[in-house]
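Right, one structure below, let's go through it.
Derivation of every value follows stated rules applied to the coordinates shown; laboratory data play no part. Source: prediction; values computed, not measured. All Cβ positions, glycine included, derive from the backbone under ideal geometry; neighbour counts span all protein chains shown.
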Amino acid sequence: MRENLSLAVWFISQIRGLYRIEDEIRGLPPAERQTRRQERAPALWDVMKAKAQELQPALLPQSTLGKALNYSLNEYDALTGYLRDGRFEIDNNLVKDAIRPTAGGRKRGLFLGFPEAGWRSAVIYSMIGSCRRRGINPQEYRTDVLGRLTGLKTHQLEPLLPCNWKPPTLNSS
């Protein structure tokens with residue numbers, strides 16, 4: 001038990017090393033992030049993988065550490081995927097933080113009393129969340145898109161999605 005705790009602490013310290021690298025490269029262009037990661041992070045991952053493979057046969061598969069090591073070995077390629085592209089983050093915390101308000105709103109919408117109301121609220125929360133993530137004023141977006149929807153065919157909607165939308169330009173006359 002005590003030995004498992006010290007092993008867990010060792011793995012956590014290695015993961016902290018990976019996050020220190022990420023702290024140092026945050027804000028750099030993707031190509032430079034990837035280069036800097038490649039200089040230091042793969043060695044840490046290799047050491048952790050070797051240690052996990054060494055320990056795995058001696059641990060009970062259902063123990064907390066056994067589950068963690070099995071998971072890390074089974075998902076190794078996915079866990080190290082961020083090393084292949086400087087645009088990727090080491091974790092999905094930014095995404096989780098960004099969608100938390102939207103997801104909470106959708107969940108609360110389940111209890112509005114009418115199924116249609118919950119669905120509509122979820123759509124509105126999603127639209128507002130998408131706009132906010134992209135720095136778009138949700139009211140300006142909604143007003144513009146609703147004004148342009150009439151007469152459009154389904155295949156013409158792509159430019160109106162928050163990820164593609166551009167605010168209307170004022171014509172100087």
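A few points about this structure:
- Cα gyration tensor shape of the stretch 13-52, rounded if a/c is under 1.5, else prolate or oblate by comparing a/b with b/c: oblate
- Remark on the chain: Rg and Dmax equal 23.3, 78 Å (Cα only).
- Residue-count net charge about Arg40 - beta-carbon cut-off 14 Å; Lys, Arg +1, Asp, Glu -1: -1
- Additional length obtainable on full extension of the chain from Ser6 to Ala78, 0.36 nm per residue less Cα span: 23.3 nm
- Shown is the FRET efficiency for Ser63 and Arg148, computed with R0 = 41 Å from the Cβ-Cβ distance and rounded to the nearest 0.05: 0.10.
- A simple charge model with +1 on the Cβ of Lys and Arg, -1 on the Cβ of Asp and Glu and nothing else charged puts the dipole of the chain at about 520 debye relative to its Cα centre.
- J(HN,Hα) series, the stretch 142-147, from Karplus relation 6.51 cos²θ - 1.76 cosθ + 1.60, nearest Hz, glycine and proline x: 4, 4, 5, 5, 4, x
- Between the C-alpha center of the stretch 1-64 and that of the stretch 120-170 there is a gap of 41 Å.
- The stretch between Ala31 and Glu54 holds 4.9 nm of extra length on full extension. This uses 0.36 nm per residue minus the Cα-Cα distance.
- Potential extension, Asp97-Glu158 segment - 0.36 nm per residue separation minus Cα distance: 19.4 nm
- Relative contact order of the stretch 2-84, defined on C-alpha pairs under 8 angstrom at six or more residues apart (%): 30 percent
- Taking every lysine pair in the chain that is 8 or more places apart or spans two chains, those with Cα atoms closer than 26 Å amount to 6.
- Most to least packed among 80-87, 51-58 [average Cβ atoms within 10 Å]: 80-87, 51-58
- Label positions at Tyr19 and Arg120, each projected 7 Å from the Cα along the C-beta direction, are separated by 4.3 nm.
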